[in-house]
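Here is the structure we will look at, set down as structure tokens.
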Amino acid sequence: MRLCELHISNFRNLRRCVLSDLSTFNFIHGVNGSGKTSVLEAIHMLSLTRSFRSRKINSVVNFDSPSLLVRGELVDGAFDDSRMLGIQRGRDKSLLVKYAGERLRSFSDLAGLLPVQLINPDSFQLFEGSPTVRRQFLDWSVFHVKHLGFYQEWSRYRKALKQRNALLRRGKLSPSMLAPWEEEIALTGAKITAMRRRQFELTEKAYQAISSELLASLGDASFQGHDVSLTMRFSPGWDDREGEGGESALLQILEQAREQDARQGFTRVGPHRADIRFSMSGLPAQDVLSRGQIKTVVCALKLAQAKMLIAEGLDVALLLDDLPAELDRQRRAALFSVVSQLGAQVFATSIDESDLDDAWFACAEKVKRFHVEHCCRGNAEAEK
């Protein structure tokens with residue numbers, strides 16, 4: 001499904017904004033504070049019901065409005081069919097999601113409708129940020145493959161983990177009390193780990209293809225003799241020396257860790273502690289690569305995930321926020337050369353219209369430009 005029209009109401013400084021007749025490549029430009037990033041943020045909310053900039057809904061809803069509304073018309077090109085997806089969120093924490101006129105009751109129902117992959121300045125914390133950042137990176141692709149059932153298993157896992165942690169903090173170490181929750185953690189944890197491991201291996205394979213294309217566009221000089229064939233290692237969140245990540249192995253570790261976990265007050269092992277380690281020549285990748293090289297590699301990893309989902313038969317929307325401020329012209333040109341061949345729908349922002357020229361895209365006729373003005377109250381101006 002692809003976006004062909006977007007309606008935004010009371011979203012930050014955007015009172016009312018409509019982007020019509022969306023194309024494959026959509027370039028949104030305007031001065032600082034005009035609402036360019038808010039447009040991308042609205043698309044992100046349409047996909048995942050949340051902002052990528054703030055966890056507090058009150059900071060996203062327009063200051064004098066009780067709620068925001070984002071609606072997108074989605075088109076299935078294979079069947080020439082369109083349906084409306086809408087998200088309404090209120091200051092009172094209310095949430096209403098409708099698709100094709102029907103209310104969606106579960107967050108998992110959104111999986112696969114409008115997968116969005118975001119590349120913005122925060123994305124470059126993938127190497128140096130906390131393990132949470134890397135788990136979110138990995139789980140993005142796991143969640144959107146709907147048949148895997150990741151969200152349901154993750155919800156069960158978190159509930160059991162919360163119960164075990166509560167017992168540990170209260171000093172309740174009776175096996176009869178802990179065992180049911182540990183069994184649930186081990187059961188769901190093994191399933192989650194199997195899903196993550198599969199997606200990790202697919203991401204690693206897709207990254208090799210994407211990075212080769214980027215290198216071809218950049219030239220070897222850009223990486224000063226380095227290749228970008230990272231060594232990527234998935235750590236499931238516990239000592240899994242056999243590499244199986246099985247239910248019985250995790251259960252045994254949980255039982256052995258009871259007393260030490262009780263002293264710490266939380267469960268120290270499990271999928272909630274998973275991580276991805278990136279290295280080059282045996283050293284942490286962030287210690288080997290320059291800032292520009294790190295940004296290029298992170299972009300390649302993000303595009304690899306998009307490529308992987310597209311191979312699964314899903315349409316992906318790429319949200320590229322102000323990349324001209326992060327990447328030099330050579331890296332931007334190389335990035336968009338790869339993007340133009342992915343088959344994804346693209347939404348890119350920049351302050352200056354000249355930051356996007358037709359040479360960025362192999363298919364210039366599919367580029368559409370929109371100019372967003374401060375406190376947009378009508379149609380975002382489309383430019384030919």
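The values are calculated or read from the model by the stated rules, or taken from the named source; none is laboratory data. From a predicted model like this one, the values you see are computed outputs, not experimental measurements. Backbone-built Cβ (ideal geometry, glycine too); neighbour counts: all protein chains shown.
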Checklist entry - Which pairs have Cβ atoms under 8 Å, sit 6 or more apart or on different chains, and link a residue in region 21-32 that is not assigned by TED's automatic domain parsing to the domain that holds A344 to one that is at pLDDT 90 or above? => result none
Item to check | Options G72, G35: the member that is under 22 Å from D122 (Cβ atoms), in contact (Cβ under 8 Å) with a residue 24 or more places away in the chain, assigned by TED's automatic domain parsing to the domain that holds D321 and buried (at least 23 other Cβ atoms within 10 Å of the Cβ) | outcome: G35
Checklist outcome for this item: Within region 334-359, the residues that are more than 21 Å from Q305 (Cα to Cα) and either of a type outside the set (S, T, N, Q) or modelled with pLDDT under 85 (or both) are I351, D352, E353, S354, D355, L356, D357, D358, A359
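Residues checked against (1) free of Cβ contacts under 8 Å to residues at least 24 places away in the same chain; (2) in a helix (DSSP H, G or I); (3) not assigned by TED's automatic domain parsing to the domain that holds G246:
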| position | (1), (2), (3) |
| --- | --- |
| Q136 | yes, yes, no |
| W140 | no, yes, no |
| E153 | no, yes, no |
| R156 | no, yes, no |
| K162 | yes, yes, no |
| A166 | yes, yes, no |
| K172 | yes, no, no |
| E213 | no, yes, no |
Checklist entry - Just for region 154-190: of the residues that are modelled with pLDDT of 95 or more and of a type in the set (D, E, K, R), which one is surrounded by the most Cβ atoms within 10 Å (Cβ to Cβ)? => result E182
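Have a look at A300, A348, A334 and point out the one that is assigned by TED's automatic domain parsing to the domain that holds L48, crowded, with 20+ Cβ neighbours inside 10 Å, farther than 17 Å from K368 by Cβ and small (G, A, S). Break it down stepwise before answering.
On the way: A300 fails: assigned by TED's automatic domain parsing to the domain that holds L48; A348 fails: farther than 17 Å from K368 by Cβ.
Being assigned by TED's automatic domain parsing to the domain that holds L48, crowded, with 20+ Cβ neighbours inside 10 Å, farther than 17 Å from K368 by Cβ and small (G, A, S) holds for just one of A300, A348, A334, which is A334.
Any residue at all in region 135-142 that is of a type in the set (F, W, Y) and more than 22 Å from D321 (Cα to Cα)? Break it down into steps so the answer makes sense when it comes.
Here is the first cut: in region 135-142, the ones of a type in the set (F, W, Y) are 137, 140.
After this cut, where a residue has to be more than 22 Å from D321 (Cα to Cα) as well, the list is none.
Taking every residue of region 135-142 in turn, none turns out to be of a type in the set (F, W, Y) and more than 22 Å from D321 (Cα to Cα).
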Item to check | Near pairs, Cβ below 6 angstrom, 6+ apart or cross-chain, from region 216-242 (over 22 Å from V338 (Cα atoms)) to any residue that is of a type outside the set (K, R) and modelled with pLDDT under 65 | outcome: P236/G245
Checklist entry - Would you say K98 is modelled with pLDDT under 90, outside any helix (DSSP H, G or I) and more than 26 Å from D275 (Cβ to Cβ)? => result no
